[in-house]
Amino acid sequence: MHTSTSQANYCFQLAYLEKDPHRFIDAVFGPAELFLFDVEKIITKMDTDLRHFNWVTKSLCQEELGRLSNQQFADLCLLLGSPFLPTFPPFETPGYGGGKRVNIRDAVGMFNSAGRNALALCAQFEEDQRVHDLDYMDRFKRAFMTVKHHVIMDVDGKVGPLDPENASSDLHELIGQRLPEELYFYISKGILGSRIPNWLTSGELLLTLPLGTEDTPVYRRLLTENLPPIRTQALCLLSNSLHRFYQTKVINVRAWYDDKTDKSIHLKDLPSVKDTISSWRLGSKQLPESVQKFQENYPLLTSCLSALNDQGFVSKSSSPKDAAPLTTKQEIISNVTWRFLQLRGYVDSKHQLTTWGKALETALSSLKPSDNLEEPTFLAVELVRLGILSSKDWFPNISGGPMRGSDEEQRNNLLISRVACFGKIQHKPIGYSGPLSRQLLSFRSLVSTVRSALRDLIEVVLASLLLSGDANRDRDDWTDLSLSLPFIDDNDCGLAIAVRTYLDDLPQEPEPTTEAIREEVRAKGKEWFQHSHSFSENLDMSFQLWDAVFKAIQAANKEPGVDIKVWNEANQWLSSRR
């Protein structure tokens, strides 16, 4: 199936395609903010089993809300809240009368009292501290203009405002600076997401708290101290392949908990990232037979790391500046991976494995390709390096951690369960069914955030390679290139909960380490996780993941932040309980 990714908000593109005379799409299944773009009908619910769907029309909504005109309806939709504008604060709670949340009928009444004019309503509440703090009237005007002059990719592949003839000359102040057409093409093909380009064009990097993520000190530290080097690398690398205007940009960083923070990234003060990794441009003819066998028989990260054990290959792996462009998908993906591994510190500038690179290679090469544990192991090692994967009590006020056994047993259980959080439970496709844990869900948020940052970085590495002309761009396998890169699939915490539940049940038994007791507790898994394929096989998979990560820890035991004593104790404790 051919797909295309929107250059900006997907609502813009869907609305454009829905109204195009070619009728590229017949109906739209999406959120209510599509009504802002004159979409008349929106599918709100779809049941494929019953072959039934529900929809709502814009005209019906306008009639139900008091026969609002198109402009009045658009104003009200913006005030009610959307990705373009926060909800008008007095609609959240009126600020008087006990703070009961306003329903949509109350909101319409307030809107009517201001003559059905959004700016007049904002003026009525200009003394409200919540409205004042948000500078809400100015933000409403910006949102209004953004919606009116939204950016789309037309049927010919050109990117620009929907109505360029009537767009203001300072529209870039609202929607950001224009990027090269080539980069928009890569975004549309899924080569990279829009997050890093958005930071570049807007000059603003907003650190947000995703839905369901606990606001904890460790999460704040991860976003404000651990991940900035990765984000900075991605920004700098992308800007290195763009106009000098972007290479001198200042990116202001704001966190959800402090709007007044003044942290910033000055790209002009940073050395070129592209120059440090450009020597990775190896064609298949330059790869020795041993390396080609690795690529054929092992997953991507494993094969690229293991190839660097061949010193004969390493000594010839630096490509000259006039090296021929890469052509095959395998060549491109391999070189992107080597560049990525160098940026993450697993490979040095001379293409030698670092201490962490050797540790990671040891861990990955211990896995069977069929285990599908390469990415979980890589992510676990990343979080060890960031100081996140440990037995420390990051969430003291959150329920769902180990409850039974001594403090030492609970600490061991916690560490082993967290390692399992990088894997995925084998479960029937009906939605997760089993015990819950806010503790492990919170840790899963940390893992997901790091995975997302790494995915952004490796996507930018691929885009940079293409923008620099290091690969042949006359091709049609764009989607395959994107899907071949790691870190595209998000993690869950189901496997971690399974491990925690199993290890937490053993201390109830008088002899928890005997084989009979372990088999008895494993058998209970069918009751705890009724829809998992095999509770016992899930446990075995998690312990294989533990073994691989533990091998990396042993190999890097002298690296800063590695508490080998804690890991050794947990491994010894687990050995008699698995």
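What to note about this one:
- Within region 351-364, not a single residue is among the charged types (D, E, K, R) and in a loop (DSSP other than H, G, I, E, B).
- 2 or more residues under 22 Å from Phe340 (Cβ atoms) and over 27 Å from the mean Cα position of the chain (by Cα): qualifying helices (runs of 4 or more DSSP H) within region 224-324: 289-297, 300-307, 311-314
- Taken across region 76-89, residues that are at pLDDT 85 or above and among the hydroxyl-bearing types (Ser, Thr, Tyr) do occur, with at least one present.
- Arg220, sole failed condition from (1) within 17 Å of the chain's Cα centre (by Cα); (2) of a type in the set (D, E, K, R); (3) more than 18 Å from Leu446 (Cα to Cα): (3)
- Filtering Glu519, Glu527, Glu511 for residues that are outside any helix (DSSP H, G or I), out of contact with any Phe, Trp or Tyr (no Cβ under 8 Å at 6 or more places or on another chain), farther than 30 Å from Ser452 by Cβ and acidic (Asp, Glu) leaves a single hit, Glu511.
- Selection from region 545-578 of residues that are small (Gly, Ala, Ser) and exposed (fewer than 15 other Cβ atoms within 10 Å of the Cβ): Gly561, Ser575, Ser576
- Considering region 186-217, the residues that are out of contact with any Pro (no Cβ under 9 Å at 6 or more places or on another chain), buried (at least 18 other Cβ atoms within 10 Å of the Cβ) and in a helix (DSSP H, G or I) include one that is modelled with the lowest pLDDT, namely Ser188.
- For region 59-70, the criterion of a residue being surrounded by 17 or more Cβ atoms within 10 Å (Cβ to Cβ), touching a helix residue (DSSP H, G or I) at 6+ places or on another chain (Cβ under 9 Å), closer than 30 Å to Leu206 by Cβ and modelled with pLDDT under 90 is satisfied by no position.
- Residue check for Thr501: among the polar types (S, T, N, Q), assigned to a helix (DSSP H, G or I) and either farther than 15 Å from Arg578 by Cβ or in contact (Cβ under 8 Å) with a residue 24 or more places away in the chain (or both): yes
- Among the candidates Glu361, Glu382, residue that is acidic (Asp, Glu), touching a residue at least 40 places away in the same chain (Cβ under 8 Å) and more than 21 Å from Phe443 (Cα to Cα): Glu361
- Pairs with Cβ under 6 Å, 6+ apart, first in region 459-480 and in a loop (DSSP other than H, G, I, E, B), second β-branched (Val, Ile, Thr): Asn472/Thr327
- Output for region 531-575, where each listed residue is polar (S, T, N, Q) and within 26 Å of Ser370 (Cα to Cα): Ser532, Ser534, Ser536, Asn538, Ser542, Gln544, Gln554, Asn571, Ser575
- Residue count for region 365-399, restricted to those that are under 26 Å from Leu483 (Cα atoms) and either part of a helix (DSSP H, G or I) or not assigned by TED's automatic domain parsing to the domain that holds Leu415 (or both): 14.
- Some residue of region 486-493 being at pLDDT 95 or above and buried (at least 18 other Cβ atoms within 10 Å of the Cβ): yes
- Among the candidates Gly405, Gly423, residue that is in contact (Cβ under 8 Å) with a residue 24 or more places away in the chain, touching a Pro at 6+ places or on another chain (Cβ under 7 Å) and within 16 Å of Phe550 (Cβ to Cβ): Gly423
- Scanning region 402-442 for residues that are crowded, with 21+ Cβ neighbours inside 10 Å, over 24 Å from the mean Cα position of the chain (by Cα) and farther than 19 Å from Arg578 by Cβ yields a total of 0.
- Residue within region 533-544 that is assigned by TED's automatic domain parsing to the domain that holds Lys392, assigned to a loop (DSSP other than H, G, I, E, B), surrounded by fewer than 21 Cβ atoms within 10 Å (Cβ to Cβ) and not hydrophobic (A, V, I, L, M, F, W, C) present: yes
- Close pairs (7 angstrom Cβ cut-off, 6 or more residues apart or separate chains): on the phi > 0 side of the Ramachandran plot in region 46-73, part of a helix (DSSP H, G or I) and at pLDDT 90 or above anywhere: Gly66/Val108; Gly66/Asn112
- Test: residue in region 546-558 that is in the same structural domain as Leu415 (by TED's automatic domain parsing), charged (D, E, K, R), part of a helix (DSSP H, G or I) and at negative phi: yes
- The lone criterion from (1) in contact with a strand residue (DSSP E or B) (Cβ under 7 Å, 6 or more places away or on another chain); (2) under 17 Å from Ala420 (Cα atoms) left unmet by Ala570 is number (1).
- Restricting region 41-53 to residues that are surrounded by fewer than 13 Cβ atoms within 10 Å (Cβ to Cβ) and charged (D, E, K, R), the residue that is nearest to Leu17 (Cα to Cα) is Lys45.
- Index of the failed condition, Val347 passing every other in (1) in contact with a Phe, Trp or Tyr (Cβ under 8 Å, 6 or more places away or on another chain); (2) of a type in the set (Val, Ile, Thr); (3) more than 17 Å from Leu301 (Cα to Cα): (3)
- Residue match in region 216-238 (condition: within 20 Å of Leu134 (Cβ to Cβ) and not assigned by TED's automatic domain parsing to the domain that holds Gly469): no
The values are calculated or read from the model by the stated rules, or taken from the named source; none is laboratory data. Everything quoted here is computed from the prediction, not taken from an experiment. Backbone-built Cβ (ideal geometry, glycine too); neighbour counts: all protein chains shown.
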